[in-house]
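Below is one structure; the comments refer to it alone.
FYI, it's all coordinate maths here, none of it is from the lab. Keep in mind that what you see is a predicted model, and the values were worked out from it rather than measured. Glycine also receives a Cβ, built like all others from the backbone with ideal geometry; neighbour counts cover every protein chain displayed.
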Amino acid sequence: MTHVKLIYNDDSDEGQATSPQDIAAQASAVVAIEDALRSEGFPVSVIPLKTTDRATLDIVVREIKAGGGFIVFNLCEGVFGKSSLEMHVAALFELYGARFTGSGPLTLGLSLDKGLTKDVLRARGVPTADYCIMTDPSEVAERFNPGLKFPLIVKPLHEDASIGIGPGSVVKTVTELRERVVFVTREFNQPAIVEEYIDGREFNIAVFGNGAEARAFPASEIEFDDFPPGSPKICCYEAKWVEGSPFYKKTKPVCPANIPAELNDKLSAIALDAYAIMGCRDYARVDMRLGADGKIRVLEVNPNPDISPDAGFARAAKAAGMGYPKFIAEIVFAAQKRYGQIQAHNPATGGLHV
């Protein structure tokens, strides 16, 4: 079997910027993926890219310059504490000719700009909410699109994992809008994207594979249970990552979603279109909302989603009949086939094999 070099962000030396819970979860995910690969017969090397130690970048470069038929399992969501540098890690792999799992640098960089992503999707007929970009609070009056209808949701333009999204992100007046733009631009040192808030059901579709073999796993829904009156039903940062938060307890992922087959098919078709248009490879997740008007709109495309055992993607793979070790191995097989290392498809398992 092909030697896999598992390269990941090691935030354990980041100090106060990362909580002990986050560090423990990160370490647990890396161990789980390593164990899954080993259980499927892959020899594995684990290589950390430390947040505050630039010398580890030299180690990564030496590893990817090494000869042999290895493949990199890319678990990097940035470098040196900056998610904006996520694409540069993948670019480094490409520059040195290393084969790696997941999307390429262009897709990673484009998807991290929510405005450009929406521009590309809308130009190709994929539905998204109306929006505008604000780089400074003083621009609210002059740059605000009068066609946008309150309530609106305000997010950092260049973040993922719901960073910068909280209960105050949904605004109902120009005054609240200005205050939130101030918060985003100053706190995150980047523009804010302002888009119409879709008060409806939230779904995500995990997409796996490449080209004609790309397929959508069963839809997952985020159920918002017993939210406080007046609180917007959004999957904020606390809802995703802070287990002790009331928002975490009141947002329940359900997969497969309890929806008619026709709706699942529509969500899947839109997700597959968005996946292909954005140039995603091997695996990605597409987040969507179904509004009160019955229309589906894409919120975001995440070409590098969390694939730890308790994350939504693994849950969707399980709903599709793919256990965790098999799912992780299939990511490697999908990348290998994309690079021409695998030619055959195994119809008995629905997976690839060497």
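Here the 3J(HN,Hα) profile of the range 110-124, calculated from phi with Karplus coefficients 6.51, -1.76 and 1.60 at θ = phi - 60°, is 5, 5, 7, 9, 4, x, 5, 4, 5, 4, 5, 5, 5, 5, 9 Hz, Gly and Pro shown as x. Remark: the range 255-272, residue by residue, has Karplus-estimated 3J(HN,Hα) of 9, x, 5, 7, 9, x, 4, 4, 5, 4, 5, 5, 4, 5, 5, 5, 4, 5 Hz, where x stands for each Gly or Pro and the curve is 6.51 cos²θ - 1.76 cosθ + 1.60 at θ = phi - 60°.
Note the full-extension length gain between THR52 and ASP273 as 0.36 nm times their separation in residues minus their Cα-Cα distance, in nm to one decimal. Numbers along the way, then the final one.
Numbers: separation 221, 0.36 × 221 = 79.56 nm, distance 3.82 nm.
Contour length minus Cα-Cα distance gives 75.7 nm.
For VAL254 and ASP136, a Förster radius of 45 Å and the Cβ-Cβ distance give a FRET efficiency of 0.65, rounded to the nearest 0.05.
Taking the Cα centre of the range 127-196 as origin and assigning +1 to Lys and Arg Cβ atoms and -1 to Asp and Glu Cβ atoms, the resulting dipole is close to 160 debye. For ARG62 and ALA212, the FRET efficiency from 1/(1 + (r/R0)^6), where r spans their Cβ atoms and R0 equals 41 Å, is about 0.65. Using the Cβ of TYR8 as centre and a radius below 11 Å, the other residues enclosed give a net charge of -2, where K and R count +1 and D and E count -1.
Each of SER45, ALA66, ALA90 was scored by the projection of its Cα onto the charge dipole of the range 4-100, and the greatest displacement toward the positive side belongs to ALA66; charges sit on the C-beta of Lys, Arg, Asp and Glu.
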